[in-house]
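**Student:** I have a structure here, written as structure tokens, and I will follow up with some questions on it.
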Amino acid sequence: MRILTRLLIGILFLGLCSGEAWAQKKKGKIILEAPELPPVPDMPDAFPQVLGTQIINPAYKFTKEDGVLEGAKEISKLGSRILKVDMPSPQVFTQLVAMPFTHYLVWYRSNGNWAKEWNAETRRREYNAVYAFTKDLLTRRDTTGKTFFIGHWEGDWYLLPDKNPKGEASPATMAAMIDWLNVRQEAVDDARREVPYTRCRVYTYAEVNLVRDAMKGGKQRMVNAVLPKVNVDFVSYSAYDVQTLPAEEVRATLDYINQQLPARPNLPSRRVFIGECGLSAQACGNDPKVHEMKNREIFTKFLSWRPPLVLYWQFYNNEVVDGKQVGFWLIDDKNKKTPLYDTLHELFVQQEDTAKELRQRNRRLPFFDEMAVFSENWLNQRGH
């Protein structure tokens with residue numbers, strides 16, 4: 001790992017903290033006191049890279065390893081310190097945590113079972129599972145200094161019968177989702193209060209995906225019917241319904257989502273990140289250069305709003321239709337790196353070089369806004 005990368009990680013996690021976080025002072029193994037860490041005015045500087053990707057249900061692999069583990073190793077080679085996965089087996093998860101990522105986004109218990117049956121017993125099981133998982137991360141993983149986001153897949157599909165975009169969610173299902181998300185947050189909050197920790201961070205997020213239906217169509221969707229009644233830390237936006245619109249409309253949509261969120265103490269004012277975005281190879285006429293250009297344009301539109309994260313879907317393609325790869329990828333099914341891969345790799349290199357120069361000149365690392373502006377400008381200039 002580069003010296004600069006280690007410096008980035010060290011400063012990153014000293015600065016990233018919430019009001020629920022506790023510091024521990026030890027003499028040997030005895031905790032003497034656990035005062036609250038001071039809140040930070042702005043969390044986004046915890047994401048100096050801003051742009052990243054994910055590996056979920058890959059349709060192919062090239063080794064005998066687990067596909068997610070193989071993909072994660074390749075994402076690390078890409079230069080990314082951000083990883084998003086569907087919760088794998090404990091054995092694979094342990095190997096992922098040992099890798100040099102600083103931020104993990106995890107679909108945890110993201111199966112929609114709560115929508116089928118939600119009662120006192122299922123509520124208890126949900127709380128216990130999320131509490132135990134969070135407590136484990138804050139204890140066994142504290143020395144790693146990593147940040148974990150516990151969330152779920154596209155929530156609007158859980159609300160709508162048969163995932164029909166023309167359908168309407170029932171009041172009972174919306175009420176169950178509200179309680180489901182709140183009990184998950186309660187479990188994380190309780191674990192954060194009860195475990196003395198200094199470096200590891202755990203947050204929740206909820207993911208919306210049919211935002212424009214509510215914003216422009218006036219329909220009852222997760223963004224307007226659920227978010228105002230939950231207290232989640234962050235919101236992920238699976239942003240396919242807005243990504244091809246003009247930048248002004250993209251920013252207005254992100255503002256709309258952010259306005260639905262009840263305030264949470266000691267978190268940044270903008271708590272919406274892009275959990276999924278991107279066009280497939282098929283959508284770009286299977287032209288790798290067009291694929292790179294159009295996705296780069298999508299990234300810059302989102303970056304112009306300054307979300308904490310923008311995540312491309314995804315590293316290895318996961319969709320196969322009529323025996324053909326749809327092409328949501330950075331490395332294709334022939335193990336060939338795409339031009340978009342090259343763009344992201346070069347961006348990560350340039351980010352580190354820029355941070356190193358700033359540190360040498362001003363004895364500090366770049367703030368989030370500086371890195372976000374640099375990344376947006378660099379991506380724009382890439383096409384000229």
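**Student:** Consider region 209-267. How many of its residues are in a loop (DSSP other than H, G, I, E, B) and either out of contact with any strand residue (DSSP E or B) (no Cβ under 8 Å at 6 or more places or on another chain) or farther than 22 Å from Trp313 by Cα (or both)?
**Tutor:** Looking only at that region, the number is 23.
**Student:** Going by the structure shown, is Leu311 outside any helix (DSSP H, G or I), at pLDDT 95 or above, of a type in the set (A, V, I, L, M) and buried (at least 20 other Cβ atoms within 10 Å of the Cβ)?
**Tutor:** It is true that Leu311 is outside any helix (DSSP H, G or I), at pLDDT 95 or above, of a type in the set (A, V, I, L, M) and buried (at least 20 other Cβ atoms within 10 Å of the Cβ).
**Student:** Does any residue of region 41-53 turn out to be surrounded by fewer than 18 Cβ atoms within 10 Å (Cβ to Cβ), closer than 22 Å to Ala206 by Cβ, out of contact with any helix residue (DSSP H, G or I) (no Cβ under 6 Å at 6 or more places or on another chain) and at pLDDT below 95? If you could, list the steps in order and put the result at the bottom.
**Tutor:** The initial filter retains those residues of region 41-53 that are surrounded by fewer than 18 Cβ atoms within 10 Å (Cβ to Cβ), namely 41-42.
So of that shortlist, the ones also closer than 22 Å to Ala206 by Cβ come out as 42.
Then keep just the ones that are out of contact with any helix residue (DSSP H, G or I) (no Cβ under 6 Å at 6 or more places or on another chain); that gives 42.
Then keep just the ones that are at pLDDT below 95; that gives 42.
Yes, because at least one residue in region 41-53 is surrounded by fewer than 18 Cβ atoms within 10 Å (Cβ to Cβ), closer than 22 Å to Ala206 by Cβ, out of contact with any helix residue (DSSP H, G or I) (no Cβ under 6 Å at 6 or more places or on another chain) and at pLDDT below 95.
**Student:** Out of the residues in region 205-250 meeting the condition of being farther than 28 Å from Glu376 by Cβ and of a type in the set (S, T, N, Q), tell me which one is nearest to the chain's Cα centre (by Cα).
**Tutor:** Asn231
**Student:** Find all pairs meeting these conditions: Cβ atoms under 9 angstrom apart; at least six residues apart or on different chains; first residue within region 66-78 and without any contact (Cβ under 8 Å) to a residue 24 or more places away in the chain; second residue surrounded by fewer than 21 Cβ atoms within 10 Å (Cβ to Cβ) and in a helix (DSSP H, G or I).
**Tutor:** Going by the 9 Å Cβ cut-off, the qualifying pairs are Lys77/His345.
**Student:** Can you name the residue in region 329-342 that is of a type in the set (Asp, Glu) and under 24 Å from the mean Cα position of the chain (by Cα) and, of all such residues, is farthest from Cys284 (Cα to Cα)?
**Tutor:** Asp342
**Student:** Starting from residues that are aromatic (Phe, Trp, Tyr) and closer than 16 Å to Thr173 by Cβ, keep the ones in region 86-134 and report whichever is surrounded by the fewest Cβ atoms within 10 Å (Cβ to Cβ).
**Tutor:** Trp118
**Student:** Does at least one position in region 114-133 carry a residue that is aromatic (Phe, Trp, Tyr) and within 20 Å of Val272 (Cα to Cα)?
**Tutor:** Keep residues of region 114-133 that are aromatic (Phe, Trp, Tyr), which gives 114, 118, 127, 131, 133.
So of that shortlist, the ones also within 20 Å of Val272 (Cα to Cα) come out as none.
No, region 114-133 has no match at all.
**Student:** Against the definition (without any contact (Cβ under 8 Å) to a residue 60 or more places away in the chain, crowded, with 20+ Cβ neighbours inside 10 Å and either within 18 Å of Val272 (Cα to Cα) or not basic (Lys, Arg) (or both)), how does Asp156 come out, yes or no?
**Tutor:** no
**Student:** State whether the residues of region 321-333 include one that is modelled with pLDDT of 95 or more, in a loop (DSSP other than H, G, I, E, B) and of a type in the set (A, V, I, L, M).
**Tutor:** Looking through region 321-333, at least one residue is modelled with pLDDT of 95 or more, in a loop (DSSP other than H, G, I, E, B) and of a type in the set (A, V, I, L, M).
**Student:** Got a number for residues in region 91-131 being modelled with pLDDT under 95, more than 20 Å from the chain's Cα centre (by Cα) and not in a loop (DSSP other than H, G, I, E, B)?
**Tutor:** Here the count works out to 5.
**Student:** Identify, please: which residue in region 343-381 is surrounded by 15 or more Cβ atoms within 10 Å (Cβ to Cβ) and charged (D, E, K, R) and is, among those, nearest to the chain's Cα centre (by Cα)?
**Tutor:** Glu376
**Student:** Same structure, new question: From the list Tyr256, Tyr240, exactly one residue is among the hydroxyl-bearing types (Ser, Thr, Tyr), farther than 22 Å from Leu105 by Cα, in contact (Cβ under 8 Å) with a residue 12 or more places away in the chain and surrounded by fewer than 21 Cβ atoms within 10 Å (Cβ to Cβ). Which is it?
**Tutor:** Numbers: Tyr240 fails: farther than 22 Å from Leu105 by Cα.
On inspection, the qualifying residue turns out to be Tyr256.
**Student:** Continuing with this model, one more query. Being within 25 Å of Glu249 (Cα to Cα), surrounded by 16 or more Cβ atoms within 10 Å (Cβ to Cβ) and either out of contact with any Ser or Thr (no Cβ under 6 Å at 6 or more places or on another chain) or in contact (Cβ under 8 Å) with a residue 12 or more places away in the chain (or both): is that true of Pro339 here?
**Tutor:** It is false that Pro339 is within 25 Å of Glu249 (Cα to Cα), surrounded by 16 or more Cβ atoms within 10 Å (Cβ to Cβ) and either out of contact with any Ser or Thr (no Cβ under 6 Å at 6 or more places or on another chain) or in contact (Cβ under 8 Å) with a residue 12 or more places away in the chain (or both).
**Student:** Please indicate, with yes or no, whether at least one residue in region 274-287 is surrounded by fewer than 22 Cβ atoms within 10 Å (Cβ to Cβ), out of contact with any Gly (no Cβ under 9 Å at 6 or more places or on another chain) and farther than 24 Å from Trp107 by Cα.
**Tutor:** yes
The values are calculated or read from the model by the stated rules, or taken from the named source; none is laboratory data. These numbers come from a predicted model, not from an experiment. Cβ: placed from backbone, ideal geometry, glycine included. Neighbour counts: every protein chain shown.
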